[in-house]
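Notes follow once the structure below has been shown.
The values are calculated or read from the model by the stated rules, or taken from the named source; none is laboratory data. It should be emphasised that the depicted structure is a prediction, and the values quoted were computed from it without experimental measurement. Positions of Cβ are generated from backbone atoms using ideal geometry, with glycine treated the same way; all protein chains shown enter the neighbour counts.
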Amino acid sequence: MLELINVCFTRNNKKILDNINLKIDTNSFIAITGPNGSGKSTLAKIIMGIELPDSGKILFNNIDITNLSIAERAKLGISFAFQQPVKFKGITIYDILKLASSNQKLTKLEAYQILKEVGICGEEYLNRELNNSLSGGELKRIEIATVLLRNSKLNIFDEPEAGIDLWSFNNLINIFKNIHNNLASTTLIITHQERILNIADKIILIKNGKVDYFGENINIVDSICSNCPTKGGCNHECC
Amino acid sequence: MNVVDQELIAKVSPFNTSDSNAYNVRKDGKLLIRNITEDVSIISKEDGSGIDIYIKDNTKNALVFIPVIITKSGINDKVYNDFHIGKNAKATIMAGCAIRNNKNLDASHNGIHRFYLDEGAKVKYVEKHYADGHGQGHKTLDPITELYLGRNSSLEIDTVQISGVDSSNRITTGKLEDGATLSISEKIMTEKKQFAMTDFNIDLDGIDSSCHVVSRSVAKDDSKQVFKSNINGNNKCYGHVECDAIIQDNGHVHAIPEINAENINANLVHEATIGKIAGEQLIKLMSLGLSLEEAEAQIINGFLK
Ligand SMILES: Nc1ncnc2c1ncn2[C@@H]1O[C@H](COP(=O)(O)OP(=O)(O)OP(=O)(O)O)[C@@H](O)[C@H]1O
Ligand SMILES: [Mg+2]
C-alpha cells in the first residue's frame, strides 16, 4: 500500500535519508525505531508531504504521491500524529477535533468520547484552547485523538508514548491494538518503547538515514545492542 | 427605525426594542430612540453634545445598549457619553458604531466615552465597530475612552474592529485607585489600505491596583497598524500588556511598548509578538485535509475569536 523507492533527503551536506527503499503491506502494524537523529521523523514527514525528497518516489496504493501536497495526501488517507504537537491561539480542543473528524459535524458527546479514549476526562476540556496551558501529555493525547478521528488508511504516529505516564501507557497500547484489530488500516509507529515494539508485526530499524533492518519482529533491542560497543551494557540508550 | 437601521444595529449590538433594558440609539448625529429603567437613567447633555448615563448604587446586573449608526455620507459625528456607575453596582454596557457609507463623502464617528466607577462597581463594557458601504467615502472611527476606577472597582473592556473601517485611532487613558482592576481585550483586523492605531495610557495609582491589556490583531494586504501602550506603575501594583499580531501579505504592525515603574513594588510585564502564521500550524491543519487557504482562515478566525 505504501512504497518508497530510492528516497533521498540531504540538508547541510548531511544525508538525512540515504536511499530509502520500503514496501509496506496493507493492514500491517509496523514499528520504526532507531537512534535519536537517525531520520525517523524525517521519514514520516516525507510520507506526509511535509518535506519533499530530493530524489526518489513515493507510491500510495499505486498512486505516485511524490509531488502531492500535504492536504492531497491527507485526503487520499494518510494521517500523521506529530512528535511535537502544534499549539494554537484561540483554537479549542473541540475545534481541532471537529476539523479532524471527516464529517466536520462531530458532536460534543462524540468529541468527549474520543478524548476519553485517549485518557482525557472532563467535559471542560472541550472548550480549552490548544495552547501552553495544557500539559505536554495532554497535548500528546489530543494529537493522537486527531489522528484516530480521521479513520485513515495509513496512520503514522511519531513517538506517541513520549510524555505519556506509565499508568496510561497500557491504555495507549490498547488503542494501538484496537486500531490493529478493528480497522482495515496500516499503522506506522515511530517508537523507542519495547512494549510497543513487542506488539508490532514488523520492525524497521533506521540508522544514519538508512534502513538497517526491515523484517519480522525479532528481538530488535538485543540485536541493536549486539552492534553497540558496550555490548548491551548501555540500557539501550546509546544505540 | 427602518430595516437598514435594524440591520446596522444588529452588526454591533445584540438588542431589540422589545427589551426591557435601558437603551439609547443614536442615528446620524441625533437621538433615534431611548428607554430608561428604574436603575438606569439616560439624560441628554444640555448642549446636545451627548448623554450622561447614571447607574444607581447597588444595581444588580443592569444591561445597557448604546449603539450609534451612521447611514449618511458626509456625517461627522462627535458625541460624549459619560457613564456614572454607582457604588457596588453591576452592569454590562454594549456600545458600538456601525457606519454605512454608500456615497463618496467621508463619514466619521468620534465617541468620547468617560467612565466613572464608584467604589466596588463592576462593569463589563463591550464595544464593536463595523463599517460597510459601496461609496468611495472614507469611514473613520476615532474613539476616545477615559477611565476612572474607584477603590476596588473593576472594569472589563472588550473591543472588536473587524475590517471595514478605513482609519481608526483609538485612545484609551485610565486611572486606577486602590484595589481597582482593569482588563482590556481588543481584537483588530485590517485589510486593503486600512489603518488602525491603538494607544493605551494607564496609571496604576492605587495600592494593589492591576491591569491586563491583551491585544490580538491581524494586518492583511497593505494595511497598517500601530499599537502603543504605556503603563505607569505608581504604587504597589501589577500591570500586564500582551500584544500579539499576525501579519499577512504586505501587512505592517508597529508595536511600541512602554512600561514605567515609579514605585519599587510595581510589577509590570510587557509581551509583544509580531509574525506571520506559524508554518507548523498550517502544516498541522493541512495534514487534517484543509487547503492552505482554509487552514489560514481557521487560524485567523480562532485567533480573533
Ligand atoms: N530541515 C532540516 N535541515 C537540517 N537538518 C535537519 C532537517 N530535518 C532534520 N534534520 C536533521 O536530520 C537528522 C534526523 O532528524 P529526525 O528528526 O528525522 O531524527 P529522529 O530519528 O526522528 O530523531 P529522534 O529520535 O530524536 O526524534 C537530525 O540530525 C536533524 O537535526
Ligand atoms: Mg523524531
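Consider A:Ile63 against the criteria (1) away from ligand 2 (no atom under 15 Å from the Cβ); (2) aliphatic (A, V, I, L, M); (3) surrounded by 18 or more Cβ atoms within 10 Å (Cβ to Cβ): it satisfies all of them except one. Which criterion is unmet?
Every condition holds for A:Ile63 apart from (3).
What number of residues within the range A:53-73 satisfy the criterion of being among the hydroxyl-bearing types (Ser, Thr, Tyr) and either facing another protein chain (nearest Cβ under 8 Å) or assigned to a loop (DSSP other than H, G, I, E, B) (or both)?
2
So which residues in the range B:251-294 are in a helix (DSSP H, G or I) and more than 8 Å from chain A (Cβ to nearest Cβ)?
B:Gly279, B:Leu282, B:Glu293, B:Glu294 - these are the residues of the range B:251-294 that are in a helix (DSSP H, G or I) and more than 8 Å from chain A (Cβ to nearest Cβ).
What about B:Asp5, is it surrounded by 13 or more Cβ atoms within 10 Å (Cβ to Cβ) and part of a helix (DSSP H, G or I)?
Yes.
For the range A:25-41, give me the residue count where each residue is surrounded by fewer than 21 Cβ atoms within 10 Å (Cβ to Cβ), β-branched (Val, Ile, Thr) and within 13 Å of ligand 1 (Cβ to nearest atom).
The number of residues fulfilling the criteria is 0.
Any residue at all in the range A:84-92 that's more than 10 Å from chain B (Cβ to nearest Cβ) and either surrounded by 15 or more Cβ atoms within 10 Å (Cβ to Cβ) or among the hydrophobic types (A, V, I, L, M, F, W, C) (or both)?
No - not one qualifying residue is present in the range A:84-92.
Residue by residue through the range B:58-83, note down the ones that are within 17 Å of B:Ser153 (Cα to Cα) and buried (at least 18 other Cβ atoms within 10 Å of the Cβ).
Hits for the range B:58-83 are B:Thr59, B:Ala62, B:Phe83.
Somewhere in the range A:137-144, is a residue touching a residue at least 40 places away in the same chain (Cβ under 8 Å), within 14 Å of chain B (Cβ to nearest Cβ) and of a type in the set (Val, Ile, Thr)?
Yes, the range A:137-144 contains at least one residue that is touching a residue at least 40 places away in the same chain (Cβ under 8 Å), within 14 Å of chain B (Cβ to nearest Cβ) and of a type in the set (Val, Ile, Thr).
Looking only at the range A:79-118, filter to residues that are touching a residue at least 60 places away in the same chain (Cβ under 8 Å) and part of a loop (DSSP other than H, G, I, E, B); which one of those is nearest to B:Lys276 (Cα to Cα)?
The residue in question is A:Phe82.
Across the range A:74-83, which residue is nearest to A:Ile50 (Cα to Cα) among those that are of a type outside the set (A, V, I, L, M) and more than 8 Å from chain B (Cβ to nearest Cβ)?
A:Gln83
From the list B:Gly233, B:Gly174, which one is surrounded by 20 or more Cβ atoms within 10 Å (Cβ to Cβ) and more than 21 Å from B:Gly96 (Cβ to Cβ)?
B:Gly233
Restricting the search to the range A:1-38, which residues are under 13 Å from A:Lys207 (Cα atoms) and acidic (Asp, Glu)?
Answer for the range A:1-38, where residues must be under 13 Å from A:Lys207 (Cα atoms) and acidic (Asp, Glu): just A:Asp18.
Using the structure shown, decide if A:His180 is within 16 Å of ligand 2 (Cβ to nearest atom) and away from every other protein chain (no Cβ under 14 Å).
Against the criterion (within 16 Å of ligand 2 (Cβ to nearest atom) and away from every other protein chain (no Cβ under 14 Å)), A:His180 does not qualify.
If I ask for residues that are within 14 Å of another protein chain (Cβ to nearest Cβ) and more than 16 Å from ligand 2 (Cβ to nearest atom), which ones from the range A:1-52 would you list?
Within the range A:1-52, A:Gly49, A:Leu52 meet the criteria.
Conditions tested, residue by residue: (1) at pLDDT 75 or above; (2) more than 30 Å from A:Gly122 (Cβ to Cβ); (3) within 16 Å of ligand 2 (Cβ to nearest atom).
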| residue | (1), (2), (3) |
| --- | --- |
| A:Gly136 | yes, no, yes |
| A:Ile173 | yes, no, no |
| A:Ala184 | yes, yes, no |
| A:Ile199 | yes, no, no |
| A:Glu216 | yes, yes, no |
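When you look at B:Ile299, is it among the hydrophobic types (A, V, I, L, M, F, W, C), within 9 Å of chain A (Cβ to nearest Cβ), closer than 30 Å to A:Val147 by Cβ and touching a helix residue (DSSP H, G or I) at 6+ places or on another chain (Cβ under 8 Å), yes or no?
In short, yes.
List, please: which pairs have Cβ atoms under 8 Å, are six or more places apart or on different chains, and start with a residue in the range A:158-185 that is within 16 Å of ligand 1 (Cβ to nearest atom) and end with one that is of a type in the set (S, T, N, Q) and assigned to a helix (DSSP H, G or I)?
What qualifies is A:Asp158/A:Ser41.
For the range A:42-95, what are the residues that are within 16 Å of ligand 1 (Cβ to nearest atom) and aromatic (Phe, Trp, Tyr)?
Selection gives A:Phe80, A:Phe82.
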